[in-house]
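Asks: One structure is given below, represented as structure tokens, and several questions about it will come after.
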Amino acid sequence: MKILLLGSNGQLGKELERQLSSVGSVVAFPRSSLDITDHAAIKDAVRCVQPDVIVNAAAYTAVDQAEKDPETAFAINAEAVAHLAQRAKTDNAWLIHYSTDYVFDGTKPTPYIETDSPNPVNVYGASKLAGEQAVVDAGCQYLIFRTTWVIGKDGSNFAKTILRLAAERQSLKVISDQIGVPTSPALITKATSNAIQSIKNDTAWPRGIYHIAPEGASSWHEVAQTLVSFTEQNNIPLSVSVESIKAITTAEYPAAAKRPLNSLLDTSKLRSQLSFDLPHWKDDFLAVVSEIVKELQTP
Ligand SMILES: NC(=O)c1ccc[n+]([C@@H]2O[C@H](COP(=O)([O-])OP(=O)(O)OC[C@H]3O[C@@H](n4cnc5c(N)ncnc54)[C@H](OP(=O)(O)O)[C@@H]3O)[C@@H](O)[C@H]2O)c1
């Protein structure tokens, strides 16, 4: 099983590169060696590697910046993905691609299912939706994992920002009316491996979109409190305590891009295919935090 991995230097890409060798032989490219908007280079790479599966972890993920630079967001998240999907179709490879809960507007009172109507409220969400549609339209064999609030030990993310601020400041204000769950790259990678294994065994999951997130529900505020509490228990000195993290509303924290208030994804469809149970978000998240804390404790 040959796997061509794109975007291997991101939060998810790094974890995929570390773990996917258990299901196949991985040829991984970070952006510095293969830019997915370079259609000729992608064509050459696919012809050279002859992958059974193309895994695309490359994406433009700067949600606020996308409002000012929609051309780049669409070039990476939509046009390059459309070309990749056409290559997958022509060269008879599966395409595994990742998308986001930000394709939804967040007004639904319950978790989103795969067939709910998308209605993105920002440029990033619109560009990711255009990418999903291009994959579907290409007619290739594909799996799209829509995920949410990705937080891992690599790269910059919410947990690392909160820990930095919690060491510098006496108090923090964190949004409490956006509901969702953090999702670890390790969990997304485990589901991806499971899906690739099914392709390898000729029992491939039906092509389509699958929602992936851990169990439960939370808010950015609760995630920040959980993070600071765990860090305190591990004797990392912080100037902020759990009690000094104040809950604020989205309206009190203006940002360039609008965010959905409900980021919860219903994972029933995925769970019917997986060979393992999805963890509760706290277990999934604290496994990531313990890795981050370990790094902080290493002199
Ligand atoms: N992060 C989240 O909270 C979140 C939430 C929901 C869904 N997702 C989705 O999950 C997937 C993985 O996200 P992530 O958190 O791992 O994002 P990330 O850490 O920002 O990684 C994205 C990677 O894509 C690379 N990249 C950007 N443009 C590229 C190009 N033109 N060619 C090749 N590589 C390019 C980046 O390269 P550089 O390292 O050079 O920048 C980076 O390594 C994405 O599809 C994202 O939309 C993420």
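Just so it is clear, none of the values below were taken in a lab; they were calculated from the coordinates. Fair warning: this is a prediction, and the values are worked out from it, not measured in the lab. With ideal geometry, Cβ positions are generated from the backbone for all residues, glycine too; neighbour counts draw on all protein chains shown.
Asks: Any idea how far apart ILE236 and GLU71 come out in nm if each label point goes 7 Å out from Cα toward Cβ?
Replies: 4.0
Asks: What angle, in degrees between 0 and 90 and rounded to the nearest 10, separates the Cα long axis of helix 158-168 from the longest principal axis of the Cα atoms of the chain?
Replies: Rounded to the nearest ten degrees, it is 30.
Asks: Which of THR231, THR72, THR192 comes first, and how do the rest follow, when ranked by fewest Cβ neighbours within 10 Å?
Replies: The order, fewest Cβ neighbours first, is THR72, THR231, THR192.
Asks: Please compute the length gained on full extension between LYS2 and PHE276, using 0.36 nm multiplied by the number of residues separating them and subtracting their Cα-Cα distance.
Replies: Working: separation 274, 0.36 × 274 = 98.64 nm, distance 2.38 nm.
Computed gain between LYS2 and PHE276 is 96.3 nm.
Asks: Specify the angular offset, from 0 to 90 degrees and rounded to the nearest 10, of the alpha carbon long axis of helix 220-233 from the longest principal axis of the alpha carbons in the chain.
Replies: For helix 220-233, the angle is close to 70 degrees.
Asks: Separate question: May I ask for the net charge around LEU261, where only other residues with Cβ less than 14 Å from the Cβ of LEU261 are counted and Lys, Arg are +1 while Asp, Glu are -1?
Replies: Once positives and negatives cancel, what remains is -1.
Asks: What is region 218-273 by shape, rounded, prolate or oblate, if you read a ≥ b ≥ c off the alpha carbon gyration tensor as root eigenvalues and call it rounded for a/c under 1.5, prolate for a/b larger than b/c, and oblate otherwise? Intermediate values should be presented prior to the final figure.
Replies: Details: a/c = 3.37, a/b = 1.33, b/c = 2.54.
Verdict is oblate for region 218-273.
Asks: Compute the distance in nm between two label points, each set 7 Å from the Cα along the Cα-to-Cβ direction, one at GLU114 and one at ARG169.
Replies: 4.0
Asks: Using every Cα-Cα pair within region 71-201, state what percent have a distance larger than 26 Å. All intermediate terms of the calculation are to be shown ahead of the outcome.
Replies: On the way: 2830 of 8515 pairs.
Value for region 71-201: 33 percent of Cα pairs lie more than 26 Å apart.
Asks: I would also like to ask the following. Using bins 10 angstrom wide from zero, how does P(r) for region 177-299 break down, in % of all Cα pairs?
Replies: Pair shares across the bins are 11, 33, 31, 19, 6, 0.
Asks: Right, here's the next one. So for SER184, SER244, fewest C-beta neighbours within 10 Å to most, what's the order?
Replies: Working: SER184 27, SER244 15.
By the 10 Å Cβ count, ascending: SER244, SER184.
Asks: Viscosity 1.306 mPa s, temperature 10 °C: give me the Stokes-Einstein translational D for region 1-136 in µm²/s, with Rh taken as the Kirkwood radius over C-alpha pairs. All intermediate terms of the calculation are to be shown ahead of the outcome.
Replies: On the way: Rh = 15.4 Å.
Translational D for this selection: 103 µm²/s.
Asks: Over the chain, calculate the relative contact order: mean separation of alpha carbon pairs under 8 Å at least 6 apart, over the residue count, as a percent. Spell out each step's value before the answer.
Replies: Details: 585 pairs, mean separation 62.8, N = 299.
Reported relative contact order: 21 percent.
Asks: Give me ARG47, ARG259 sorted ascending by neighbouring Cβ count inside 10 Å, so fewest comes first. Intermediate values should be presented prior to the final figure.
Replies: Values: ARG47 11, ARG259 20.
So the residues, fewest neighbours to most, are ARG47, ARG259.
Asks: Then there's this: Taking 7 Å along the Cα-to-C-beta vector as the label spot, tell me the THR107-THR298 distance in nanometres, rounded to one decimal.
Replies: 4.7
Asks: For region 112-180, what is the convex hull volume of the alpha-carbon atoms per residue, in Å³?
Replies: Numbers: hull volume 9.7 nm³, N = 69.
Spelled out: Cα convex hull of region 112-180, divided by residues, is 141 Å³.
Asks: Still on this structure, please answer the following. Could you tell me what a quarter of the Cα convex hull surface of the chain works out to, in nm² with one decimal place? Present the calculation step by step, with values, prior to reporting the outcome.
Replies: On the way: hull surface 61.0 nm².
Convex hull of Cα atoms, orientation-averaged projection: 15.3 nm².
Asks: Report the Stokes-Einstein translational diffusion coefficient (µm² s⁻¹, integer) for region 239-299, Rh taken as the Kirkwood radius over Cα pairs, at 10 °C with viscosity 1.306 mPa s.
Replies: Values: Rh = 15.9 Å.
Stokes-Einstein gives a translational diffusion coefficient of 100 µm²/s.
Asks: For a Förster distance of 22 Å, can you work out the FRET efficiency between the beta-carbons of ASP38 and ARG18, rounded to the nearest 0.05?
Replies: On the way: r = 25 Å, r/R0 = 1.15.
Taking R0 as 22 Å, the efficiency between ASP38 and ARG18 is 0.30.
Asks: Calculate, for SER25 and GLU215, the FRET efficiency according to 1/(1 + (r/R0)^6) with r their C-beta to C-beta distance and R0 35 Å; round to the nearest 0.05.
Replies: Working: r = 33 Å, r/R0 = 0.95.
Calculated value: 0.60.
Asks: Tell me, what is the FRET efficiency for GLN50 and ALA255 to the nearest 0.05, using R0 = 45 angstrom and their Cβ-Cβ distance as r?
Replies: Numbers: r = 43 Å, r/R0 = 0.96.
Once the sixth-power term is evaluated, E becomes 0.55.
Asks: Taking the 0 to 90 degree range and rounding to the nearest ten, how far is the long axis of helix 80-90 tilted relative to the main principal axis of the chain, both from C-alpha atoms?
Replies: The helix 80-90 is inclined about 40 degrees to the chain.
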